Amino acid sequence: MAEYIIKNGFVFDPVQGIKGDKSDVAIKDGKIVKDSEISKSAKVIDAAGKTVMAGAVEIHAHIAGPKVNLGRIYRPEDKLFTCTATKGMERTGSGNSIPSTFKTGYEYAKMGYTTAMEAAMPPLFSRHVHEEIRDTPIIDEGAFPVFGNNWFVMEYLKNNEVENTAAYIAWLLRATKGYAVKVVNPGGTEAWGWGLNCLSIHDPVPYFDITPAEIVKGLIEANEYLGLPHSMHIHPNNLGNPGCYQTTLDTLNLADGFKAKNKFGREQVMHITHMQFHSYGGENWGNFESKATEIMNYVNSHKNLTMDTGNVTLDETTTMTADGPFEHHLTGLNHLKWANCDVELETAAGVVPYIYSPDIKVCAIQWSIGLELALLAKDPMRCFITTDHPNAGPFTRYPRVFKWLMSQKARDERLNTFKNADKVIGASTLSSLDREITLYELAQMTRAGPAKSLGLVSMCGGLKPGMDADVAVYDFNPDKPLANPEMIETAFSRAAYVFKSGVQVVTHGDIVSTGNKRTLWVDAKVKDNPQVMRDIREKFLKYYSVTQANYEALGHHFIPNPYALEVDATQV
Amino acid sequence: MTKTVTDVVCPFCGTLCDDLEVSVTDDGKQILDVYNACAIGAEKFLHSQAKDRITRPRLQQPDGTWKEISYEEAADYTAKMLAGAKKPLMYGWSSTNCEAQSMGHEIAEMCCACVDNTAAVCHGTTLIAVQDIGLPTCTLGEVKNRADTIIFWGCNPCHAHPRHMSRYSIFPRGFFTGKGHKSRKLVVVDPRVTDTAKMADMHLQVTQGQDYELLNAFRVAFRNEWLPDVVAGIPKEKIIEAANIMKAGRFGIIFFGMGVTQSLGKNHNIDEAIAVTKDLNEYTKFSIMPMRGHYNVTGSGEVLAWQFGYPYSVDLTRGFPRYNPGDTSSIDLLTRGEIDAAFVIGSDPGAHFPISAVKQIAKVNSVCIDPHITPTSGVSKLHVPVAFVGVETGGNAYRMDNVPIDCRKVVDPPAGMLTDEEFLTMVRDRVKKLKGVA
């Protein structure tokens, strides 16, 4: 493999604590190495006057699978003026909020992202998810199977059977080639099977007679029993409703007393995703307000939590979630087309287009809350930037979110020109926040932080020798005074150079290689558990519509280049 | 002695049964019998064993006779035809696996082709309606475990999807439906007294072509508003009775077929059927699902959508995807005479398209990839027989509820025969050379 030395850039690497020092990054055999280890023939990349960071890590996005594709199928209008023609090795692309798989891979890479996690995989559809992942070039991807409404999980946890839950999780991760334990509206989505919901953590799930609180606690326990790389990753109950922050605080409180047990350097036991949607106060849309301060006070003081923001980008987008009842609620609010798919024994999903208009007060407050959360975070290693793509906005808007976070001028300009500026300003503390996220903090919030939370800290998110050579170089000179905040957005939209596992994949914003994409999954070994194996057999015989032998995602077509993180829980 | 292959997936209809058992000879070369399948599915496996099967590509000669050629020559012909054409059509895809579809799309992109699947003459109208109004649906296991109200509208699963009712919709005893068919109400809407209609608790014999009116009347009935005495041939009382059955159930579903998608009203019928479903979710839980025909037409729509953004009738002539059914759909392209090469795989337009469109296939350079001799292969210049997907090679397929199931290989194809994917890979490599793509 080619050797590279990226010379004289301003390096930002939280893993090594480098805060913008001018230094070199050397690449050999797909890994970062010490400068002394490469030969004289190494290709020199001149990064003078540029910013150098590790490849960014996306912790939560909906980029592959049945609901994403349902969005593509039912929204031809999303393609209008967004198609890109075949160009060199770049396949043709289409779509804005739900880009085609090829475009998804290219766009991430061009922004300097090299790893991304698909946030909700319905286990029965794992093959579909993996087929799309295979067709998403360049970036390493993993997918989180959903567990929060799974019949096995609810039946085991009702009887406090943590060991059985863990054995089932291990089996399902292997069958679906999944990466982590995802929970979406615990219990509520099963209730949606009957058109109902669980809006608080104590609402019992119909028939199963278990509460969301019990599901969440049980899954944290099972997750730590196994010692998985990532923690339980949750989208709490009651998303998106005025006053929902109370449910969120109740949910966060469930993690109290749990400590992370794993060999991957992860410290949290719960990751709360798209916190913006869960930080609402007020009783109705009229007195809707931000409760970001209350939420962040809690998160800041509890080290066993990580979170991502879910920033609203003020675009037309497509919402999609395994929170089936929420999407039904949303179509009632905006009267746009509603798609839903309930999945036997496991989960559901809904899709509704949404227009975050800057002229609508609630949308503008949602925008404020997303930024507030990030600006109120005391530990950038535990608060990550996402747009919950495509729910709060397309991932391609990350550079714009960075701009708002890094420049008070840019965000004040936006805030003060909203149609309902007075009401919006009054509903959150954003206008009083003068913090500007630094490049070092940005590297924490988009690289080192998410990598650590995912248990990938020894692999990616940093530039320490021995780590994968995922490197992004941006045309951004931190030494020069910032003339115009737009420069932030421009620089982070198109990286000057991107390396993925040591392969140069982007040069001056163009794709030059489709790299060596991998599918990340977690292979957890547990003690033989005949009871769980019997339960699985029985459920397939009686209740699934496919046979057990036809369930597993297996083989080259689905996972051409797997990378398994191994966990051994046989000695627990 | 014989061997039995279990958990075999049936590559015939969109029901995609995956519990077949096939007994094969000890050497694994010959299929002896097929268990659990319906008559159509069993025949698909058994007739692959025909001794007089075509096993090599055939090129039609000027005098109408056929000359056997090698796969290499066939791949050369196909690649030259596609690479040289101004506006080639690549149609079909519904009876092959996703691997082959994916490979075909790569070729289509390089050749700036129009790519279309059988939805264009089937559930394409459904897709247009979904683009208008959305789709509340579920997987078939949800129907098995929860549904107590089943509506078959303009479809006849007794004959078209023979195991649908026993596996998913009427007879199975699921988790919350322990009494099987006794716990389910069956309403059939069909102008004909079909075998499915004969089983129904209530058969609404709608006047042909007035499905929209009846669907609309249901929406009125749900709201207890005024109705005329008779709508679409159905007395008001019966409409109200049916509407009450739908509202009273705990979990209901509408399955619909070509009787509503391709009769008068087309996509508007489906718009209204989906609106009915949406309305019902205000009272109870309701879903709706198209009864997809070919075993992998759903998969073709999925692969097209994640690669190009649209589920059918994709036009790549400008180097990026465009979609405008009626303009970019196969029959329209053919009857307007815009196509200068036709490539057909995994379907039989010769048997199903209007004669004016079929004549166009016969007129231009054309390749038909199909294990059988069909009306399409008959009018094509080149016929490339291939292994049967799901019998002689595996590969992924999507059931009518979008659940992906990996088909199984049961026996080897006749010696020297290629699969769709293998043949398309040869074509892809040749097109790359012809186009000078790295």
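Looking only at residues in the range A:549-566 that are touching a Phe, Trp or Tyr at 6+ places or on another chain (Cβ under 9 Å) and more than 8 Å from every other protein chain (Cβ to nearest Cβ), the one that is nearest to B:VAL143 (Cα to Cα) is A:TYR551. Within the range B:109-151, being over 27 Å from A:ARG75 (Cα atoms) and out of contact with any Leu (no Cβ under 7 Å at 6 or more places or on another chain) holds for B:LYS144, B:ASN145, B:ARG146, B:ALA147, B:ASP148, B:THR149, B:ILE151. Of A:ILE425, A:ILE369, A:ILE437, all but one fail to be of a type outside the set (Phe, Trp, Tyr), in contact with a Leu (Cβ under 7 Å, 6 or more places away or on another chain) and either assigned to a helix (DSSP H, G or I) or surrounded by fewer than 20 Cβ atoms within 10 Å (Cβ to Cβ) (or both); the exception is A:ILE425. Only a single item in (1) among the aliphatic types (A, V, I, L, M); (2) away from chain A (no Cβ under 14 Å); (3) more than 21 Å from B:LEU264 (Cα to Cα) is not met by B:ALA147, and it is number (2). Name every residue in the range A:548-562 that is at pLDDT 95 or above and surrounded by fewer than 13 Cβ atoms within 10 Å (Cβ to Cβ), in order of residue number. Of everything in the range A:548-562, just one residue is at pLDDT 95 or above and surrounded by fewer than 13 Cβ atoms within 10 Å (Cβ to Cβ), namely A:ASN561. Among the strands (runs of 3 or more DSSP E) confined to the range A:1-74, the ones with at least 3 residues that are over 27 Å from the mean Cα position of the chain (by Cα) are located at A:4-13, A:18-28, A:43-46.
Only one residue in A:LYS403, A:LYS409, A:LYS419 is among the basic types (Lys, Arg), closer than 27 Å to A:ALA109 by Cβ and at pLDDT 95 or above, so which one is that? Spell out how you get there, then give the answer.
Details: A:LYS409 fails: closer than 27 Å to A:ALA109 by Cβ; A:LYS419 fails: closer than 27 Å to A:ALA109 by Cβ.
Going through A:LYS403, A:LYS409, A:LYS419 in turn, just one is among the basic types (Lys, Arg), closer than 27 Å to A:ALA109 by Cβ and at pLDDT 95 or above: A:LYS403.
Where helices (runs of 4 or more DSSP H) fall entirely within the range B:167-261, those with at least 3 residues that are in contact (Cβ under 8 Å) with a residue 60 or more places away in the chain and more than 25 Å from B:ARG146 (Cα to Cα) are at B:258-261.
Assessment of the range B:403-410 against the conditions (closer than 29 Å to A:GLU77 by Cα and at pLDDT 95 or above) yields at least one matching residue.
Checking each residue of the range A:229-244 against the condition of being within 14 Å of chain B (Cβ to nearest Cβ) and either surrounded by fewer than 24 Cβ atoms within 10 Å (Cβ to Cβ) or under 20 Å from the mean Cα position of the chain (by Cα) (or both) gives no match. The single condition among (1) of a type in the set (Val, Ile, Thr); (2) touching a helix residue (DSSP H, G or I) at 6+ places or on another chain (Cβ under 7 Å); (3) within 14 Å of chain A (Cβ to nearest Cβ); (4) farther than 23 Å from B:GLY394 by Cβ that B:THR277 does not meet is (2).
Need a quick list: helices (runs of 4 or more DSSP H) entirely within the range A:150-205 having at least 2 residues that are surrounded by 24 or more Cβ atoms within 10 Å (Cβ to Cβ) and of a type in the set (S, T, N, Q).
So the answer is A:162-176.
Assessment of the range B:315-324 against the conditions (at the interface with chain A (Cβ under 9 Å from one of its Cβ atoms) and basic (Lys, Arg)) yields at least one matching residue.
Report, by residue number, each residue of the range B:150-166 that is in a helix (DSSP H, G or I), more than 14 Å from every other protein chain (Cβ to nearest Cβ) and buried (at least 20 other Cβ atoms within 10 Å of the Cβ). Don't jump to the end; show me each part of the working.
Let us first name the residues in the range B:150-166 that are in a helix (DSSP H, G or I), namely B:157-160, B:164-166.
Restricting the remaining residues to those that are more than 14 Å from every other protein chain (Cβ to nearest Cβ) gives B:157-160.
Hit for the range B:150-166 is B:PRO157, nothing else.
If you filter the range A:100-137 down to residues that are outside any helix (DSSP H, G or I) and out of contact with any strand residue (DSSP E or B) (no Cβ under 6 Å at 6 or more places or on another chain), you find that the one that is farthest from the other protein chains (Cβ to nearest Cβ) is A:MET111. Determine whether the range A:329-341 contains at least one residue that is over 19 Å from the mean Cα position of the chain (by Cα), part of a loop (DSSP other than H, G, I, E, B), under 27 Å from A:THR396 (Cα atoms) and touching a residue at least 24 places away in the same chain (Cβ under 8 Å). Within the range A:329-341, one or more residues are over 19 Å from the mean Cα position of the chain (by Cα), part of a loop (DSSP other than H, G, I, E, B), under 27 Å from A:THR396 (Cα atoms) and touching a residue at least 24 places away in the same chain (Cβ under 8 Å). Candidates A:ASN561, A:ASN529: the one that is touching a Lys or Arg at 6+ places or on another chain (Cβ under 6 Å) and either more than 25 Å from B:PRO172 (Cβ to Cβ) or in contact (Cβ under 8 Å) with a residue 60 or more places away in the chain (or both) is A:ASN561. One residue stands out in the range B:180-199 among those that are crowded, with 19+ Cβ neighbours inside 10 Å and out of contact with any Asp or Glu (no Cβ under 8 Å at 6 or more places or on another chain): the one that is nearest to B:ILE245 (Cα to Cα), namely B:VAL188.
Within the set of pairs 6 or more residues apart or between chains, which connect a residue that is farther than 14 Å from B:GLY299 by Cβ and without any contact (Cβ under 8 Å) to a residue 24 or more places away in the chain inside the range B:1-15 to a residue that is crowded, with 16+ Cβ neighbours inside 10 Å and among the polar types (S, T, N, Q) with Cβ atoms less than 9 Å apart? Note: pairs meeting the criteria are B:THR6/A:THR547. Does any residue of the range A:248-258 turn out to be over 30 Å from A:GLU289 (Cβ atoms) and modelled with pLDDT of 95 or more? Yes, that holds for at least one residue. Could you check, for the range B:65-88, whether at least one of its residues is surrounded by fewer than 23 Cβ atoms within 10 Å (Cβ to Cβ) and either within 14 Å of chain A (Cβ to nearest Cβ) or modelled with pLDDT under 95 (or both)? No, every residue in the range B:65-88 fails to be surrounded by fewer than 23 Cβ atoms within 10 Å (Cβ to Cβ) and either within 14 Å of chain A (Cβ to nearest Cβ) or modelled with pLDDT under 95 (or both).
Out of the range A:60-76, which residues are in contact with a Gly (Cβ under 7 Å, 6 or more places away or on another chain) and either surrounded by fewer than 24 Cβ atoms within 10 Å (Cβ to Cβ) or without any contact (Cβ under 8 Å) to a residue 40 or more places away in the chain (or both)? Even if it seems obvious, please write down each step before you answer.
Residues of the range A:60-76 that are in contact with a Gly (Cβ under 7 Å, 6 or more places away or on another chain), as a first pass: A:72-74.
Hits for the range A:60-76 are A:ARG72, A:ILE73.
In a residue-by-residue description of the range A:380-403, the property of being touching a strand residue (DSSP E or B) at 6+ places or on another chain (Cβ under 7 Å), more than 25 Å from A:ASN96 (Cβ to Cβ) and buried (at least 21 other Cβ atoms within 10 Å of the Cβ) applies to at least one position.
Considered as a group, the residues in the range A:318-337 that are within 10 Å of chain B (Cβ to nearest Cβ) and touching a strand residue (DSSP E or B) at 6+ places or on another chain (Cβ under 6 Å) include one that is surrounded by the most Cβ atoms within 10 Å (Cβ to Cβ), and that residue is A:GLY324.
Please determine, by comparing only the residues of the range B:1-36 that are farther than 20 Å from B:SER94 by Cα and hydrophobic (A, V, I, L, M, F, W, C), which one is nearest to the chain's Cα centre (by Cα). Before you say what the answer is, go through the steps one by one.
If we filter the range B:1-36 for residues that are farther than 20 Å from B:SER94 by Cα, which is where we start, we get B:1-7, B:19-36.
Among the residues that remain, those that are also hydrophobic (A, V, I, L, M, F, W, C) are: B:1, B:5, B:20, B:22, B:24, B:31-32, B:34.
Working: B:MET1: 37, B:VAL5: 26, B:LEU20: 20, B:VAL22: 24, B:VAL24: 28, B:ILE31: 26, B:LEU32: 28, B:VAL34: 23 Å.
Once the filter is applied, the top-ranked residue is B:LEU20.
Only one entry of B:SER366, B:SER347, B:SER300, B:SER356 meets the criterion of being in a helix (DSSP H, G or I) and either within 12 Å of another protein chain (Cβ to nearest Cβ) or buried (at least 19 other Cβ atoms within 10 Å of the Cβ) (or both), and that entry is B:SER300.
Which residue out of B:VAL130, B:VAL143 is closer than 21 Å to B:LEU214 by Cβ and at pLDDT 95 or above? Break it down into steps so the answer makes sense when it comes.
Values: B:VAL143 fails: closer than 21 Å to B:LEU214 by Cβ.
Exactly one of B:VAL130, B:VAL143 is closer than 21 Å to B:LEU214 by Cβ and at pLDDT 95 or above, namely B:VAL130.
The values are calculated or read from the model by the stated rules, or taken from the named source; none is laboratory data. It should be emphasised that the depicted structure is a prediction, and the values quoted were computed from it without experimental measurement. Methodologically, a virtual Cβ is constructed for each residue, glycine included, from the backbone with ideal geometry; neighbour enumeration extends over all protein chains shown.
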